[in-house]
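Trainee: One structure, pasted below without further comment.
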Amino acid sequence: MHASINKINILIVDDEFVFRELNKKQINSYLKDNVNFEIFVAEGLEKALEIAKKVTIDVVFTDMQMDNKRDCGLALTRKIKSINMNTHVFITSNAILNYLQDRSDAAGLSGIFQLPLNEADLKIAFGHYMHGHK
């Protein structure tokens, strides 16, 4: 399945409103005019899973620490991957997450980005969707 033909559904999960909005703005700016996409937002794991069960999500950007849990982003990654193993999940955080590199349960991640997201991060996340659209 080539997502570039269809709409890309993007889910932003962060318990901090400012980071949800900042990520949304960065993604909108990067993808606009090139790709058909829709952005969904959730403030935590439960809401994110509700959305993922109703809509086929292609790309997730999730905070690591939410709902007062240090590894909430990894728990969400496992659950999202169990719903759709083809979903690309990226951890986004304003904390240093070097410890994730050595964790076996981080294997399902497509990448780890420091907040705020920048164009290089978005090129990694969406590069294969942009092929032939620029």
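Trainee: Whole-Hz Karplus ³J(HN,Hα) for the stretch 79-92, in order, using 6.51 cos²θ - 1.76 cosθ + 1.60 and θ = phi - 60°, x for Gly and Pro?
Mentor: 5, 5, 5, 6, 7, 8, 5, 8, 5, 8, 10, 10, 7, 10
Trainee: OK, next. Given Asn68, Asn36, Ile51, which one lies farthest toward the positive end of the charge dipole of the stretch 1-79, if we put +1 on the Cβ of every Lys and Arg and -1 on the Cβ of every Asp and Glu?
Mentor: Selected residue: Asn36.
Trainee: Hey, another quick one. For an R0 of 22 angstrom, estimate the FRET efficiency from the Cβ-Cβ distance between Lys53 and Phe17 and round to the nearest 0.05.
Mentor: It comes out at approximately 0.40.
Trainee: Highest mean first, what order results for 84-93, 109-118 on Cβ atoms within 10 Å?
Mentor: 84-93, 109-118
Only the coordinates and a few stated rules stand behind these numbers; no lab work does. Just so we're clear, the structure is a prediction, and the values are computed from it rather than from any experiment. Positions of Cβ are generated from backbone atoms using ideal geometry, with glycine treated the same way; all protein chains shown enter the neighbour counts.
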